[in-house]
Amino acid sequence: SLNLSAFVSEDGKFLFGDFEEAVYESVEAMNDILDEGLELHPLQEQRESVRDWRQIGVGIMGLADMLIKMSIRYGSEESIEICDRIGGIMADAAIFASSKQAMKHGAYPKFYYDAIVGSEFYISNVSSATTAMVGLYGLRNSQLLTIAPTGTLSTMLGISGGIEPIFANYYTRTTQSLDGYDVEHKVYTPIVKEYMEKHGITDDKDLPDYFITARDLNYGERIDMQAVWQN
C-alpha cells in the first residue's frame with residue numbers, strides 16, 4: 001500500500017509522476033516476492049494457484065492525510081475529482097507494469113485476452129499506450145489492485161488508514177499520578193498535531209474546516225469516496 005500523503009509537495013501539490021513511478025516499482029517488487037515465495041507454499045494446490053493466476057495487490061493508504069496536506073475537505077467534490085485522477089493513474093500504471101513484466105517473463109498461464117480487454121474496468125481505466133502493450137505481451141498478473149484497511153501499516157507509520165477519513169482530531173488518555181488520582185491528556189492525531197504546532201494553534205476548535213473527522217462526515221460523502229475508488 002502506497003502512502004498517498006508522501007506524494008504531496010511542500011506547496012500542497014500532488015506529485016503524479018512520482019506516484020506513477022512508485023506504482024511501477026511496486027508491481028515489479030510484488031512479482032519478485034511472489035516468485036520467491038512460490039515454492040514455499042505447503043500444498044501443491046496453493047503452488048499451482050499462485051503459478052497460474054499470479055495475484056498481487058497494489059493499494060493505497062494515507063488518503064485523509066493527503067487531502068489535509070492539500071487543504072481539501074474529505075468528501076468534497078474536489079476531493080472526489082483528485083481521487084478519481086489518482087485512482088485512474090494507479091490502475092493504468094499497474095496494468096502497464098504488469099504487461100512489461102509479461103514482456104520479460106511471459107503472461108500468467110490462465111491469461112485470456114478477450115476476457116480482459118472486454119471488461120468494463122479495463123475499458124474505462126486503460127490508456128492507448130497500455131492497451132497496445134497488453135495486446136503485444138498480455139499481463140503477468142490476473143489481479144493487480146486492492147484497497148485494504150491497512151490498520152497495522154498505517155498505525156505503524158502514524159498516518160490515516162486506507163481511504164478512511166481521520167477518526168478523530170484527538171483522543172483522551174488517562175494516567176494515574178503518584179498522588180493516586182486520574183489525570184487526562186489530549187493526544188492529537190499525528191497530522192493534526194503537526195499542523196497545530198506549525199501554525200501555533202492550541203485548540204483543535206481553531207482548525208480549518210478540512211480537518212473533518214469520521215464522526216462529522218456526511219454518510220453520502222463517504223459513499224461517494226468509496227464509489228470513486230471502486231471505479
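The values are calculated or read from the model by the stated rules, or taken from the named source; none is laboratory data. From a predicted model like this one, the values you see are computed outputs, not experimental measurements. Here Cβ is always computed from backbone atoms with ideal geometry, including for glycine, and neighbour counts include all displayed protein chains. Remember, those area values only see protein heavy atoms, side chains included, never the ligands or the DNA or RNA. Shrake-Rupley method; radii C 1.70, N 1.55, O 1.52, S 1.80 Å.
Structure summary
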{"item": "Accessible surface, the range 46-98, averaged per residue in Å² (probe 1.4 Å)", "result": "35"}
{"item": "Furthest towards positive pole of dipole, 98, 183, 144, structure part the range 81-231, Cβ charges", "result": "98"}
{"item": "Probe 1.4 Å - accessible area at residue 33, Å² to nearest ten", "result": "120"}
{"item": "Most fluctuating residue given options 202, 175, 146, as computed from a GNM of the chain linking Cα atoms under 10 Å", "result": "175"}
{"item": "Under-5 Å amide H pairs with residue 60, H placed in peptide plane, nonlocal only", "result": "2, 148"}
{"item": "GNM result for the chain, Cα springs below 10 Å: residue of 19, 96, 121 fluctuating most strongly", "result": "121"}
{"item": "Efficiency of FRET from Cβ geometry, residue 155 and residue 32, R₀ 30 Å, rounded to 0.05", "result": "0.70"}
{"item": "Amide hydrogen neighbours beyond the local backbone of residue 167, cut-off 5 Å, H modeled", "result": "214"}
{"item": "Listed residues 97, 129, 168, most fluctuating in the chain (Gaussian network, C-alpha, under 10 Å)", "result": "129"}
{"item": "Scaled radius of gyration (Cα, divided by 2.2 N^0.38 Å) that the range 69-171 gives", "result": "1.35"}
{"item": "All lysines inside 25 Å of residue 110 as judged from Cα atoms, apart from same-chain residues fewer than 8 positions distant", "result": "100"}
{"item": "Paramagnetic reach from residue 105 (point 7 Å along Cα→Cβ, amide N under 18 Å) across the range 126-141", "result": "134, 137-141"}
{"item": "Fraction of accessible area attributable to carbon and sulfur, the chain (%, probe 1.4 Å)", "result": "50"}
{"item": "Contact order relative to length of the chain, as percent, for alpha carbon pairs under 8 angstrom and 6 or more apart", "result": "24"}
{"item": "Accessible area in the full protein assembly, largest first, 1.4 Å probe, for 98, 9, 124", "result": "124, 9, 98"}
{"item": "Two-decimal Rg to Rh for the range 138-209 - Kirkwood Rh, Cα set", "result": "1.19"}
{"item": "Spread of Cα-to-Cα distances over 5 Å intervals beginning at zero, given as percent, for the range 1-97", "result": "2, 13, 20, 19, 14, 11, 8, 7, 5, 2, 0"}
{"item": "Full-extension gain in nm, residue 47 to residue 124, via 0.36 nm per residue minus C-alpha separation", "result": "24.5 nm"}
{"item": "Helix-only CD estimate at 222 nm, as mean residue ellipticity for the chain, using -39500 (n - 2.57) per DSSP H run (n ≥ 4)", "result": "-16000 deg cm²/dmol"}
{"item": "Whole-number D in µm² s⁻¹ for the chain, Kirkwood Cα-pair radius fed into Stokes-Einstein, 10 °C, 1.306 mPa s", "result": "80"}
